[in-house]
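First comes the structure, then the notes that go with it.
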Amino acid sequence: MAEDASRMSAAAGIEPVLEAKGLSQGQIVRKRFLGHSGAIIGLVVFALIFVMAFTSVGYLGIPGWWKYTHEQVSPLVNDGAPTSSLWPLAWGEHPFGQDRIGRDLFAMTMRGAQQSITIMVVIGLIAGLIGVVVGAISGYFRGWAEAILMRLTDVIIIIPALLLAAVMAQLAGRRDQGSWFASFASTNGVLALGIFLGLISWVSLARLMRGEFLSLREREFVDAARISGASNARIIFKHILPNAVGVLIVNVTLTMSAAILTETALSYLGVGVKAPDTSLGLLISQNQQAFATRPWLFWFPGMFIVLICLSINFIGDGLRDAFDPRQRKFNAKKAADHGGPAAQASAVTALDGPEQEGPTHEGYRPGGPADGTQGK
């Protein structure tokens, strides 16, 4: 029966679900993720950017393999234009070019990618943790807990993030007052910016998780867990949350990719990462006037922003399909090759169960009396 259903669903263009014969949940998730071509491409691209950014110019005092730093000034080579080329394949002294004062753009771009990835990860972790906790508590317990948490969410969601960032940057700039916030922000600017943005970026995830918990808390497996004596914490984290992981992963990855764009906007307004440090957004802001004369100063930071955002989104799509058992892929070409709607109808019939065969003795008419006599 299982083989027939799988064969008929394949004929209808519906890819059969991976069977768990001898496979753990982790193996099933890994197999489905590795079968997602977009996610693998995104993972490879992001891994290459991550390794290149954190090893080329060094990180946390560890030196890198690139000979220039993002602050080092050297004489202009090739009038600051990129020395790399595709044909003949060459890397050159300054592959991404130099700015007007002679700083190496490759080193600045790698440093900017470090800062942007750090901000992205910090925002994803903080926003994901707070959003899951708030959404789970409000959606599962309802009552006064839901009322308080959702009103708090409404308050935070109406406050403009850029305005708050400007205020926080102004407070962080008052180093002479000696406040703990100014001291922390002045020495850990990127981390402080990531923490701040994470504390105001969880509201959309909290609303989505609340909706998922409101739906899943009424399902039969939750009732069975309650009857068996499971605690509320076990029901939330062991039964409901794994079924909402698709929504969680997609929203967190979207938040992480949007974090780079938010940092770009803040740096453009002068309230994000500040010199002498740099980020991808700050590089675009500093070189916007040179777009017509020295376009490479704008192209390379922008290209890395696009690549990081796209790769994170593709990885999120792959993780959603891997973790969510309700995801099914429909292959229209395969369905057309196997008979189109007729094959689909046959597959549905096969999945629903075999047709009930009636008596075959003489005199039986379908829809007639149960005793097999002919209707008058």
Would you check if residue 97 is buried (at least 17 other Cβ atoms within 10 Å of the Cβ) and either closer than 27 Å to residue 190 by Cβ or over 33 Å from the mean Cα position of the chain (by Cα) (or both)?
yes
Cβ-Cβ below 7 Å, separation at least six or inter-chain, first residue in the range 207-218 and over 16 Å from residue 129 (Cα atoms), second of a type in the set (Phe, Trp, Tyr): which pairs?
217/140
Of the residues that sit in the range 280-308 and are of a type outside the set (Gly, Ala, Ser) and part of a loop (DSSP other than H, G, I, E, B), which one is farthest from residue 46 (Cα to Cα)?
293
Across the range 53-68, what is the total count of residues that are free of Cβ contacts under 8 Å to residues at least 60 places away in the same chain and crowded, with 16+ Cβ neighbours inside 10 Å?
6
Just checking, how many residues over the range 200-216 are open to solvent by 10 Å² or more (accessible area, probe 1.4 Å) and of a type in the set (A, V, I, L, M)?
4
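Please state which one of 111, 151, 100 is part of a helix (DSSP H, G or I), touching a residue at least 40 places away in the same chain (Cβ under 8 Å) and among the basic types (Lys, Arg).
Going through 111, 151, 100 in turn, the sole match is 111.
The values are calculated or read from the model by the stated rules, or taken from the named source; none is laboratory data. Remember, predicted model here, so these are calculated numbers, not experimental data. Quick reminder, even Gly has a Cβ in these numbers, built from the backbone with ideal geometry, and neighbours come from all protein chains shown. Surface accessibility is based on the protein's heavy atoms, side chains included, excluding ligands, DNA and RNA. Shrake-Rupley method; radii C 1.70, N 1.55, O 1.52, S 1.80 Å.
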